[in-house]
1. Using a simple spin-label model with points 7 Å from Cα along the Cα→Cβ vector, what separation in nm is obtained for ASP34 and TYR8?
2. Just the number, please: carbon plus sulfur as a percent of the accessible area of the chain, 1.4 Å probe, no ligands or DNA/RNA counted.
3. What is the spread of the Cα atoms of the chain along each of their three principal axes, largest first, in whole Å?
4. List the trypsin sites (Lys or Arg not before Pro) within the chain that DSSP assigns to loop and that have no more than 10 neighbouring Cβ atoms inside 10 Å.
5. Place a label point 7 angstrom from the Cα of TYR21 along the Cα-to-Cβ direction, then list the residues of segment 35-56 whose backbone nitrogen is under 18 Å away.
6. Would you mind working out the accessible area per residue for segment 8-54, using a 1.4 Å probe, and quoting it in Å²?
7. If you rank GLU19, GLU55, GLU29 by how much accessible surface each has, with a 1.4 Å probe, what is the order from largest down?
8. Which listed residue (GLY32, VAL10, CYS42) has the Cα farthest towards the positive end of the charge dipole for the chain, taking +1 on Lys and Arg C-beta and -1 on Asp and Glu C-beta about the Cα centre?
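The values are calculated or read from the model by the stated rules, or taken from the named source; none is laboratory data. None of these values were measured; they are calculated from a predicted model. Neighbour counts run over all protein chains shown; Cβ positions are idealised from the backbone, glycine included. In case anyone asks, the SASA skips ligands and DNA or RNA and just uses the protein heavy atoms, side chains included. Shrake-Rupley method; radii C 1.70, N 1.55, O 1.52, S 1.80 Å.
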Amino acid sequence: MPQAKQRYKVIIRCKNCGEKYILRGRYNEDGGLDTGFKRCVCGNEANFDEDVSLEE
Ligand SMILES: [Zn+2]
């Protein structure tokens, strides 16, 4: 499964305050994307726009 090792660039934008985070992550065995991101500085933990693209 080569895809499992592929890294992705993830841009997360908070819908509450507009803060933007650029992270790198990869998909775990459950199909979820691991980025280490927990919450925005404004306390928002769930309301985000996520833009995932392959890292070059
Ligand atoms: Zn925020």
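1. Each label point is offset 7 Å from its Cα along the Cβ direction, giving 1.4 nm.
2. 43 percent
3. 37, 23, 13
4. Listed in order of number, the matching sites are LYS38.
5. Correct set: 35-53.
6. For segment 8-54, the solvent-accessible area averages 71 Å² per residue.
7. Sorted by accessible area, descending: GLU29, GLU19, GLU55.
8. Farthest towards the positive end: CYS42.
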